[in-house]
Structure formats: structure tokens, C-alpha cells
Amino acid sequence: MPELRLDPLQTALLVIDLQQGIVKNPTHPHSATTVVANTQKLLRAARSAGATVILVHVGGAEDGRDRLDPLADEPRRPIPPGTDYAELVPELEQAPGDLVILKRQWGAFYGTDLELQLRRRGLRTLILCGIATEYGVESTARDAYERGFDQILVADAMSALGPQVHEHCLTRIFPRLGRVRDTAAVLAALTV
């Protein structure tokens with residue numbers, strides 16, 4: 001595997017759905033606590049290196065009418081009204097320069113200004129982490145690939161809601177969309 005090299009000024013760290021209502025779920029193979037801890041390390045290194053930090057969370061209107069709702073065998077669960085479900089976890093230590101993207105579906109591109117913000121800032125490389133590997137992270141990674149962004153998918157800074165799904169994404173899907181690395185490799189590339 002070739003050494004990872006990053007230009008922080010052309011790099012964005014996308015943190016997907018590390019929010020109150022999602023980190024409470026059981027995750028596989030890494031606990032939400034582990035994912036948040038590894039993401040904290042990435043955030044500190046990215047900010048220190050001058051990379052752009054983008055915190056993505058899913059939410060919307062209490063009645064849910066601003067979210068996609070096609071017919072499905074397993075329809076989406078509604079966001080519990082009047083809760084802190086969509087609030088980012090405090091461990092992310094949101095900083096004034098961080099961009100925050102509110103999405104209303106799995107992927108962070110559709111219906112948001114994410115692509116516009118990336119292009120205006122000249123960002124070409126995206127580092128992705130978060131929960132869940134098979135929903136928010138994978139959907140965002142697929143959309144980023146189709147828009148021509150280079151990607152690094154941080155294997156131990158994401159986790160899935162279902163067993164065995166994480167490994168499937170890491171071995172079958174993500175290698176076709178970008179480069180799969182662990183937190184240590186990304187930290188080394190950000191601190192060079």
C-alpha cells in the first residue's frame with residue numbers, strides 16, 4: 001500500500017452523523033465511543049494542519065415532511081420529535097471555522113450545499129468517518145466518487161449498525177471509491 005500524502009489546504013475531513021441520536025445505537029465492529037475517540041484525533045490533526053473540517057448531521061422538521069420517504073420494505077424511522085437527536089456530540093469540539101451541513105437523507109450531497117462549499121474552497125480530497133458505515137458514510141462516499149473527489153475512508157473511525165456490514169463496505173465497496181486507511185495512517189499524513 002503506497003504511503004498516504006495529503007495537502008491539508010486541499011483536504012476536508014467529513015464527519016458523518018456523530019450526533020446524539022445515532023451514537024446511542026449499538027455499532028459493529030467498533031463501539032461508538034471508539035469511533036468518536038478516533039474522530040477526535042482526526043479533528044485535532046486536521047484543524048492543526050489547516051484542513052477544512054465539515055461536520056454533517058441528519059435532521060429536519062419534526063413532522064418529517066422535508067425528508068425523503070419513498071415506499072420501502074423497511075421504511076425509515078422518524079426522528080423522535082422534541083429530542084436532541086440531531087445535535088452533534090460535544091466530543092467533536094466544534095470550532096468557529098468548522099462548516100456544519102444539515103442533511104435530510106443518508107448522503108451529505110443531495111439537497112445540501114456541500115459540493116458548492118468544497119469546490120469554492122478548492123478541496124479535492126475528502127477524509128470520511130462516522131456512523132453508520134453502510135448508510136451515511138457509504139452514501140456520501142458514492143456521491144463524492146461520482147463528483148470526482150479523491151477519498152480516504154478511515155476504517156477505525158467509522159462503524160456499522162449491522163454485523164458484518166462494515167467489513168463488506170471496507171473490502172468490497174470502499175476500495176473502488178477511494179483509499180481505505182486507519183486513523184494512524186491518516187494522522188501521519190496530516191502531521192507531515
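In the chain, helices alone account for a calculated mean residue ellipticity at 222 nm of -7500 deg cm²/dmol, with every DSSP H run of four or more residues adding -39,500 (n - 2.57). A Stokes-Einstein calculation at 4 °C with viscosity 1.567 mPa s, built on the Kirkwood radius of the range 1-137 over Cα pairs, returns a diffusion coefficient of 82 µm²/s. I want the local charge near Q94. Using Cβ-Cβ distances under 15 Å, sum +1 for each Lys or Arg and -1 for each Asp or Glu among the other residues. With Lys, Arg at +1 and Asp, Glu at -1, the net is -4. Exposure proxy shown here: for D7, D17, the number of other Cβ atoms within 10 Å sets the order, fewest to most, as D7, D17. Out of G82, G107, G60, any idea which swings most in a Gaussian network model of the chain, alpha carbons joined below 10 Å? Looking only at G82, G107, G60, the largest GNM fluctuation is found for G82. Compute the angle between helix 32-49 and the longest alpha-carbon principal axis of the chain, please, reported from 0 to 90 degrees and rounded to the nearest 10. On a 0 to 90 degree scale, this one is about 50.
Between E62 and K41, the C-beta separation translates, for a Förster distance of 30 Å, into a calculated FRET efficiency of about 0.30. Going from the fewest other Cβ atoms within 10 Å to the most, the residues S139, S48 appear in the order S48, S139. Largest GNM mean-square fluctuation across D150, D66, D182, computed for the chain with C-alpha springs under 10 Å, falls on D66. I'd like the distance between the alpha-carbon centres of the range 124-187 and the range 1-29, rounded to an integer number of Å. If you average the Cα positions of each part, the centres end up 8 Å apart. Among I173, I152, I127, the ranking by other beta carbons within 10 Å of each residue's beta carbon, starting with the fewest, stands as I173, I152, I127. Length gained on full extension, T171 to D73: 32.6 nm, using 0.36 nm per residue less the C-alpha separation. Shape of the range 78-175 from the C-alpha gyration tensor: oblate (a/c of 1.5 or more and a/b not above b/c, with a ≥ b ≥ c the square roots of its eigenvalues).
Any read-out appearing in this document is the output of simple, stated calculations on the displayed coordinates, not a laboratory observation. Every value quoted in this text rests on a predicted model; they were computed, and no experiment measured them. Cβ sites come from the backbone with ideal geometry, for glycine too, and all protein chains shown count toward neighbours.
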